[in-house]
Each structure stands twice: as structure tokens, then as C-alpha cells.
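First comes the structure, then the notes that go with it.
The values are calculated or read from the model by the stated rules, or taken from the named source; none is laboratory data. Predicted model only: the values in this text are computed from it and were never measured. Cβ placement follows ideal geometry from the backbone for every residue including glycine, while neighbour counts extend to all protein chains displayed.
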């Protein structure tokens, strides 16, 4: 996505970001989604209760 600073309303900004995201190819969308986890902190570890949820997590020392 475009990293430049813009002075838009929240609604205008959301519409622009949505158009830019939908213009990406499906594979690029998945990569963008996975890259969006960079810099986020892990809030809580999964407990012993193994549910049927599908969880994607990024390791800090992952192979690139």
C-alpha cells in the first residue's frame, strides 16, 4: 500500500484502502495479510484447551 501521509476523512481513507487492496491479485492479498502481522505483539498464548479454531501465527525467527 502507499505509505504517503494523506489528509482524508476516515471514510475516504477506508474507501481508498479498500480499492487498493481489491486491485491486488489474490496471491498478493494473502501476502499482504500475512505481512500485516509484522510488529504486532502476541497478547496471550493458547491455553491447553485445543479448540477447532484455525490460527495463523508468525514466529520471530521464521525462515524468509
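Observations on the structure shown:
- Conditions (1) modelled with pLDDT of 75 or more; (2) loosely packed, with under 11 Cβ neighbours inside 10 Å; (3) in a loop (DSSP other than H, G, I, E, B): number failed by residue 24: (2)
For every residue, the table says whether it meets (1) closer than 19 Å to residue 3 by Cα; (2) at pLDDT 90 or above; (3) touching a strand residue (DSSP E or B) at 6+ places or on another chain (Cβ under 7 Å); (4) in a loop (DSSP other than H, G, I, E, B).
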residue: 15; (1), (2), (3), (4): yes, yes, no, no
residue: 19; (1), (2), (3), (4): yes, yes, no, no
residue: 28; (1), (2), (3), (4): yes, yes, no, no
residue: 32; (1), (2), (3), (4): yes, no, no, no
residue: 40; (1), (2), (3), (4): yes, no, no, yes
residue: 44; (1), (2), (3), (4): no, no, no, yes
residue: 49; (1), (2), (3), (4): no, no, no, yes
residue: 54; (1), (2), (3), (4): no, no, no, yes
